[in-house]
Structure formats: C-alpha cells, structure tokens
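A.B. asks: One structure, as structure tokens, below. Some questions next.
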Amino acid sequence: DVSEFYNRQQELETLETWISGNSTRLIGIFGLGGIGKTSLSVKLAQQIQSQFEFVIWRSLQQAPRLDVILSNILPILTNSEHTNNHSIDALMEQLRQKRCLLIFDNLESILQGGNRSGQYQQGYEDYRQLLARIADEPHRSCLILTGREQPGGFAVRSGENLPVRSLKLFGVSPPVCQQILAAKGLKATLLQCQDIVNYFGGNPLALKLAATTIKTLFGGDIQAFLVQGNTVFSDLWDLLDRQFDRLSPLQQKIMYWIAINQEGATPAKLKTEILPKVSGRHLMEALEALAERSLIEDRRSLNDTASTSLMLQPAIVEYVRECLLQTAEQ
Ligand SMILES: Nc1ncnc2c1ncn2[C@@H]1O[C@H](COP(=O)(O)OP(=O)(O)O)[C@@H](O)[C@H]1O
Ligand SMILES: [Mg+2]
C-alpha cells in the first residue's frame, strides 16, 4: 500500500528515465532499512506498468532458492502450468521475447552478514549468475533489486550509459517529514521537522516510529519529545538491532569506536590508535562493508584517509552508545 507515499519525485524520474530508455537491464536501489526502498519500488511499478507486458514483484525476505523463484515466475511468463524447464536459460528466453519488469525486494536476505559485504550466502550463488546474465546479455526486460548493500559483481558493472544502474536512497526532507507526521495527526513546524530529520537521518520508518512515540509517550507534544532527544525509542532500536546483529565483531568494534570518538574519527586514526593489529586491507574491507550498509557515510570519503571523518547518523550514535553501556553492565 503506497497511498501515503510522499515526494521522491526526483528518484522516480531518474528511475523512469533509465527504464524508458530501454537500455537499462538491471537497476539496484540501495539504502538503510526503513529508508523507503520497498515503497519506492512499488510506487515505480505502479507508474510504469503500462510499459510492460508483465510486472512481477517478489520479496526475497524468506530467502527463497533461485529455483523456487524461477519455478514460480516462469509459468506466469509462459502462461502455462506445464513448463518444467525452470532454468536461467528459460528465463532469459522469456526476457528476450517479452518486455517484463521483475522486482526482487530485500536482496540482503540472500547475502551474507559479516565482514565482506555483498557476498552471497551458501546455496544462493546462482543468483549471482542470474544477475550477471541479466546485466550482460541483450534482452527487452528489466530487473530491479532493492537491498541494504550492493551484491558482489554489481558495482563493477554499473555506471552512466551502462545497462546497469545503481540508485542510493537517502532520507526524506523536512517537508516530507511534516507530511508523514501530519498523517499521524501531528502538527509539527518545519523547524521541528528539521530537528527530527537530523536526528533520524530522514529515515521515514524512524519518523513514523517517532510519531507513534510522540503520541503515546509525549501526548503529542513534539517540543517535549525534542527536548528529551536521547530517549530510548524501542522500535527504532529494534530496527537497528537487526542491522547490528549482522555485523562482524570487527565491524561492531569500529562502530563503537566511531560512536565514542565522534570528533576526528578518521580511517587513519582508527588504524594507528585503535586497531593496530588489524591489517589495513581488513580494516578497509570492514569500513567499506559498513558504508555499503549505510551505517557510516558514503564510501567516497573512505579514500580521502587523512582529513575526512567517519560519520554516523545521530540516532545510530545513540544506539551504539547504549549497546556499549549494556555490554559494560553485563
Ligand atoms: N516517501 C515516503 N512517504 C511516506 N512514507 C514513506 C515514504 N517512504 C517510505 N515510507 C514509509 O516508511 C516505512 C519504511 O519504508 P520501506 O519502503 O518499507 O523501507 P525499506 O524497504 O527501505 O526498508 C514504510 O512504512 C513506508 O510506508
Ligand atoms: Mg523493504
């Protein structure tokens, strides 16, 4: 249900341009949990469905094997119950014959947690092959993926004027925050929304959860909520819990370190002062994995080792600090 979906006009236009050009075969929409990937993909599918003979949206949340997905999709595309060839070849044939839009949501469900981001879980490597073929072979269709991080082999294929495109989704603006709160019956000023957006990185799920908290715990008083900015928001934290659980011990250590060394937390300092025993390559891998999962800022800043600071979103800093306290108490 995307009846309460606001803005994202620019993202929708970008995606539509890529798809309408007919030359884009694979698109990835990436970003933190709750940032709006699923909603955006549904909204997009609604807007452009008339350009396609088939639109098929599947969630990978329950980590279905590829053969399950194929044996589910192929009968639809071939309009026959009796197709028993459920191979990638058979799908490619359909994607050549017909113009189909496939959307695979929650790709992270079939990727490994841990240090190296983007690796497939055991038993799911054939998805990699599927993606490679959809990206590299000529056909008339398009596959859209959503997930927290780019899968292996995606980044090297994607780029301007290439058939593979990547859209990184960021938080919503204060006016959209205002609309989300209004839909929950809360009247917030733009200034208040600016604060709330800063605190939650504009994450719409967090904004919705915050709205609930404001209503139930603060009697709808947004100002009181803002004054107690470091209150525990259990639901948002559940969300972060899930993200944090997937991290390797090294990644968690790095998150802790950045959270308590907010000022001047550069990759170089992290290396020399805190983790001298970890090889530079491992450290870089861990930082890139964290950036991929949107837990630290854009990976571009990682290359500029000397000057740029590693940043966490404010809500994530609070969360990580609380985790630290809990660990210390145990
Ligand atoms: N542009 C938007 N306007 C209003 N609500 C949004 C918007 N984008 C996302 N949401 C809401 O935020 C929540 C998280 O969005 P979702 O698409 O599920 O995120 P993701 O798939 O990235 O985890 C959902 O409840 C969704 O309805
Ligand atoms: Mg989703």
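A.B. asks: Report, in degrees rounded to the nearest 10, the 0 to 90 angle that the Cα long axis of helix 88-97 makes with the longest principal axis of the chain.
C.D. replies: Orientation of helix 88-97: about 70 degrees from the principal axis.
A.B. asks: Here is a follow-up. Connecting C-alpha atoms closer than 10 Å in a GNM of the chain, tell me which of SER141, SER279, SER71 has the biggest fluctuation.
C.D. replies: SER279
A.B. asks: Continuing with this model, one more query. Rounded to the nearest 10 degrees, what's the angle between the helix 125-136 long axis and the longest principal axis of the chain, both from Cα atoms, 0 to 90?
C.D. replies: Taking Cα atoms only, the helix is inclined about 70 degrees.
A.B. asks: Does the range 174-231 come out rounded, prolate or oblate, given a ≥ b ≥ c as the square roots of the eigenvalues of its C-alpha gyration tensor, rounded meaning a/c under 1.5 and, failing that, prolate meaning a/b above b/c?
C.D. replies: Here the range 174-231 falls in the rounded category.
A.B. asks: Here's a follow-up. Quick check on the chain: take the gyration tensor over C-alpha atoms, sort the square-rooted eigenvalues as a ≥ b ≥ c, and tell me if it's rounded (a/c under 1.5), prolate or oblate. Let's see the in-between values first.
C.D. replies: Values: a/c = 2.07, a/b = 1.39, b/c = 1.49.
Note, shape of the chain comes out oblate.
A.B. asks: Using θ = phi - 60° and the Karplus curve 6.51 cos²θ - 1.76 cosθ + 1.60, what whole-Hz ³J(HN,Hα) does each residue of the range 14-25 get, with Gly and Pro shown as x?
C.D. replies: Ordered by residue, 3J(HN,Hα) equals 4, 4, 4, 4, 4, 6, 5, x, 6, 9, 9, 9 Hz.
A.B. asks: Quick check: the distance between the Cα centres of the range 80-158 and the range 188-219, to the nearest angstrom?
C.D. replies: The two parts, judged by their Cα centres, are 36 Å apart.
A.B. asks: Let me ask you something else. Which whole-number percent is the relative contact order of the range 9-168 (Cα, under 8 Å, 6+ apart)?
C.D. replies: Averaging sequence separation for qualifying contacts and normalising by length gives 37 percent for the range 9-168.
A.B. asks: Looking at the range 111-174, which GluC sites (Glu not before Pro) are DSSP coil and have at most 13 other C-beta atoms within 10 Å of their C-beta?
C.D. replies: Counting only loop positions with at most 13 other Cβ atoms within 10 Å, the GluC sites (Glu not before Pro) in the range 111-174 are GLU160.
A.B. asks: Could you list, by residue number, the cysteines of the chain that have no other cysteine's beta carbon within less than 4.7 Å of their beta carbon?
C.D. replies: Isolated Cys, the chain: CYS100, CYS142, CYS323.
A.B. asks: In addition: For the chain, modelled as a GNM with alpha-carbon contacts under 10 angstrom, which of ALA289, ALA182, ALA265 fluctuates the most?
C.D. replies: Residue with maximal mean-square fluctuation among ALA289, ALA182, ALA265: ALA182.
A.B. asks: Calculate the dipole size of the chain relative to its Cα centre from +1 charges on Lys and Arg beta carbons and -1 charges on Asp and Glu beta carbons; express the result in debye to the nearest 20.
C.D. replies: 320 debye
A.B. asks: Between GLU81, GLU108, GLU11, find the one with the highest GNM mean-square fluctuation for the chain; connect C-alpha pairs within less than 10 Å.
C.D. replies: Highest fluctuation among the options: GLU81.
A.B. asks: So what are the ³J(HN,Hα) numbers for the range 52-59, from phi and the Karplus equation (6.51, -1.76, 1.60; θ = phi - 60°), rounded to whole Hz, Gly and Pro as x?
C.D. replies: Once θ is set to phi - 60°, the couplings for the range 52-59 become 10, 6, 9, 10, 10, 10, 10, 8 Hz.
A.B. asks: Could you pull out every residue, at least 5 positions away or on a different chain, whose amide H is within less than 5 Å of the one on TRP57? Hs are placed 1.01 Å off N in the peptide plane, and Pro or chain starts have none.
C.D. replies: Amide H neighbours of TRP57, under 5 Å, 5+ apart: ILE103.
A.B. asks: So what J values fall out for the range 191-207 if you push phi through Karplus, 6.51 cos²θ - 1.76 cosθ + 1.60 with θ = phi - 60°, rounded to Hz, Gly and Pro as x?
C.D. replies: 5, 4, 5, 4, 5, 5, 4, 4, 5, 9, x, x, 5, x, 5, 4, 5
A.B. asks: I've got another one for you. Summing -39500 (n - 2.57) over the DSSP H runs of n ≥ 4 in the chain and dividing by its residue number, what mean residue ellipticity at 222 nm do you reach, to the nearest 500 deg cm²/dmol?
C.D. replies: -14500 deg cm²/dmol
A.B. asks: Moving on. Restricting to bridges with both residues inside the chain, how much of the DSSP beta-bridge set is antiparallel, in percent to the nearest 5?
C.D. replies: Within the chain, antiparallel bridges account for around 5 percent of the total.
A.B. asks: State, as an integer percentage, the relative contact order of the chain based on alpha-carbon contacts under 8 Å between residues 6 or more apart.
C.D. replies: With pairs under 8 Å counted, the relative contact order is 19 percent.
A.B. asks: Next question. In the chain, what is the count of Lys pairs whose alpha carbons are under 22 Å apart, counting only pairs at least 8 residues apart or on separate chains?
C.D. replies: Lysine pairs, 8 or more places apart or on different chains, close enough: 15.
A.B. asks: Cα axis of helix 234-245 to longest principal axis of the chain: angle in degrees, 0 to 90, nearest 10?
C.D. replies: Here the helix axis deviates by roughly 70 degrees.
Here, each number is a calculation from the coordinates, and none is a lab measurement. Remember, it's a predicted structure, so these values are computed and weren't measured experimentally. Because the Cβ atoms are built from the backbone with ideal geometry, glycine has one as well, and the counts that use them run over all protein chains shown.
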